[in-house]
Amino acid sequence: MSTSNASQQVRHHPGTGTGLGQRRLGIPALVFMIIAASAPLTVVAGGVTSNYAVTSLLGIPLSFVVLGVVLIVFAVGYLAMSRHVHNAGAFYAYISRGLGKPAGVGSAWVALVAYNAMQIGINGLFGFALSSFLANLTGAQVPWWVCSLGGWLVVGILGVNKVDLSAKVLGVLVALEFLVVIIYDVFAVGVAPEGISGASLEPASLFTTGVGAALAFSIAAFMGFESGAIYNEETKDPRTTARRATYIAVVVIAVFYAFSAWAMAVAEGDSQVVARSQEFGPDLMFVFLADHAATWFVDLANLLFITSLLAALVAFHNVVARYVFALGRESVLPAALARVSRRSGAPVAGSVVQSVIALAVIIVFAIAGIGHEYGALFPVLTLFTWLTNMGAFGLVLLMALTSFAVVGFFRRTPSGNGIWTTTVAPLAAGVALAVLFGMIVANFDVLIGLEESGVLSWLLPAIVVVPGIAGVAGAYWLRSARPGVYAGIGRGGSDPDELD
């Protein structure tokens with residue numbers, strides 16, 4: 001089958017029930033959706049304190065600056081390629097077009113597992129946080145899994161509606177999250193028991209024993225930043241919207257997290273922030289606010305911590321739904337999974353698939369947690385910790401592969417871009433991300449809370465990687481058994497004149 005015919009086979013249009021809703025998202029909406037996936041309030045309250053506590057390093061603020069630079073360099077080639085390849089399965093399509101179709105299909109399965117793991121893992125923390133909030137506010141003892149199912153239902157409803165509805169909801173939630181953290185930062189700088197210090201931004205505070213674990217923890221805070229390209233088929237201008245929104249989001253996330261992590265060190269004192277993080281964990285921010293802000297504001301901050309998690313759930317749910325849609329549209333998965341809502345243009349089949357998977361995992365962990373020694377912390381120490389680190393493991397691997405795929409794509413596709421965009425930046429990002437991936441592998445037992453290496457140290461990463469290997473094998477089967485499907489891999493969202 002010719003490339004042109006293959007493209008015609010997989011190209012669909014709005015109104016047919018097989019095409020995503022078109023031209024709904026502008027730059028501000030997409031920025032909010034990208035930032036929502038990183039859950040700003042959750043990162044500052046939970047991720048930053050955990051990083052201080054586990055690594056015992058003062059230089060956590062600098063880690064966000066370093067990773068921000070790496071991801072901006074990554075985005076140079078990634079977003080240049082997004083102008084040529086418009087596909088809801090971004091990593092899958094890019095790797096298919098740059099490193100070959102077998103690698104692309106393998107990456108699609110890694111992406112499905114990784115994004116599902118991020119989404120479902122966050123649901124565990126959401127259930128715990130909402131259960132604790134209700135207990136403190138009303139005295140009602142609602143099991144964590146009941147609260148998780150409540151979030152699951154809300155996310156499922158938003159997932160089958162118009163994408164701009166999700167964007168509006170996320171926009172409000174993200175704006176409120178930022179407001180709370182900014183107020184915390186202002187209080188923090190005002191208190192400064194040991195004075196204003198820049199020690200946490202000095203290289204010596206980060207680049208020492210434990211730097212690998214610190215960077216591995218911090219990269220999780222950026223997960224979801226790459227999702228801008230996933231919405232390229234639904235943006236108002238596919239050639240510029242995702243590119244501009246992603247650059248804005250990465251800069252905002254990096255600066256905001258670095259500043260807030262620095263403010264936390266100032267609030268507690270450089271000599272005390274590690275010990276205080278180890279003592280209070282994710283409650284540290286709220287303990288500080290309880291001492292320096294009104295009670296109603298502390299309650300609001302706790303509530304927004306929960307909605308921050310809900311926003312991340314919606315964002316990652318949408319990503320999984322679009323990956324399922326992209327694979328169904330190209331018949332790599334059953335074609336029925338490409339079905340979208342005629343009313344909303346949402347990938348309804350993919351949304352339902354993600355909801356079913358999430359429901360099954362929540363039920364399994366709910367049963368496993370009955371009478372467990374971890375008690376109320378069971379969903380945090382297992383479901384959240386295990387799955388979100390699995391997700392970060394898979395997504396960093398995909399970003400490294402995508403960087404090298406960009407080089408391969410532009411070697412075959414004239415673009416008018418300079419060597420910095422097509423070769424130097426993606427190669428530099430690929431090497432940096434490969435090193436970071438190695439750090440995650442080396443520190444995986446630390447990331448999931450193990451005191452020493454055990455079965456989970458290799459089992460959880462294997463759950464991410466093995467489906468990718470199976471996907472590569474499946475692609476070779478498609479090449480011989482279904483050559484027409486094989487020819488269309490990675491091309492579903494592209495116009496015929498954009499195909500290489």
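The values are calculated or read from the model by the stated rules, or taken from the named source; none is laboratory data. Nothing here was measured: the structure is a model prediction, and the numbers come from that model. Quick reminder, even Gly has a Cβ in these numbers, built from the backbone with ideal geometry, and neighbours come from all protein chains shown. With ligands, DNA and RNA removed, areas are computed over all heavy atoms of the protein, side chains included. Shrake-Rupley method; radii C 1.70, N 1.55, O 1.52, S 1.80 Å.
Key figures
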| item | result |
| --- | --- |
| So Val364, is it open to solvent by less than 60 Å² (accessible area, probe 1.4 Å) and either farther than 29 Å from Ala93 by Cα or among the hydroxyl-bearing types (Ser, Thr, Tyr) (or both) | no |
| Flag for Thr307 being over 20 Å from Leu176 (Cβ atoms) and within 26 Å of the chain's Cα centre (by Cα) | no |
| Residue list for the stretch 263-309, filter: closer than 18 Å to Phe64 by Cβ and not hydroxyl-bearing (Ser, Thr, Tyr) | Ala263, Met264, Ala265, Val266, Ala267, Glu268, Asp270, Val273, Val274, Pro282, Leu284, Met285 |
| Meets criteria (open to solvent by less than 10 Å² (accessible area, probe 1.4 Å), part of a helix (DSSP H, G or I) and either in contact with a helix residue (DSSP H, G or I) (Cβ under 7 Å, 6 or more places away or on another chain) or at negative phi (or both)) for Val314 | yes |
| Any pair with Cβ under 6 angstrom, 6 or more apart, that starts in the stretch 350-362 at a residue that is closer than 15 Å to Ala315 by Cα and ends at one that is open to solvent by 50 Å² or more (accessible area, probe 1.4 Å) | Ala358/Trp152 |
| Members of the stretch 86-122 that are open to solvent by 20 Å² or more (accessible area, probe 1.4 Å) and of a type in the set (Phe, Trp, Tyr) | Trp109 |
| Cross-chain or 6+ apart pairs with Cβ under 6 Å, the stretch 174-197 first and more than 19 Å from Ile35 (Cα to Cα), then open to solvent by 70 Å² or more (accessible area, probe 1.4 Å) | Phe187/His292 |
| Residues of the stretch 407-463 satisfying the condition of being assigned to a helix (DSSP H, G or I) and closer than 15 Å to Gly98 by Cα | Val407, Gly408, Phe409, Phe410, Arg411, Arg412, Thr421, Thr422, Thr423, Pro426, Leu427, Gly430 |
| Considering residues of the stretch 54-102 that are in a helix (DSSP H, G or I), modelled with pLDDT under 90 and among the small types (Gly, Ala, Ser) only, the residue farthest from Ala475 (Cα to Cα) | Ala80 |
| Residues within the stretch 317-332 that are part of a helix (DSSP H, G or I) and either open to solvent by 10 Å² or more (accessible area, probe 1.4 Å) or under 15 Å from Ile34 (Cα atoms) (or both), tallied | 6 |
| Selection from the stretch 403-420 of residues that are buried (at least 21 other Cβ atoms within 10 Å of the Cβ) and touching a Phe, Trp or Tyr at 6+ places or on another chain (Cβ under 8 Å) | Ser403, Ala405, Val406, Phe409 |
| Matching entry among Ala400, Ala346 (being open to solvent by less than 60 Å² (accessible area, probe 1.4 Å), closer than 22 Å to Tyr115 by Cβ, of a type outside the set (Lys, Arg) and part of a loop (DSSP other than H, G, I, E, B)) | Ala346 |
| Some residue of the stretch 147-156 being farther than 20 Å from Arg239 by Cα, crowded, with 24+ Cβ neighbours inside 10 Å and at pLDDT 95 or above | yes |
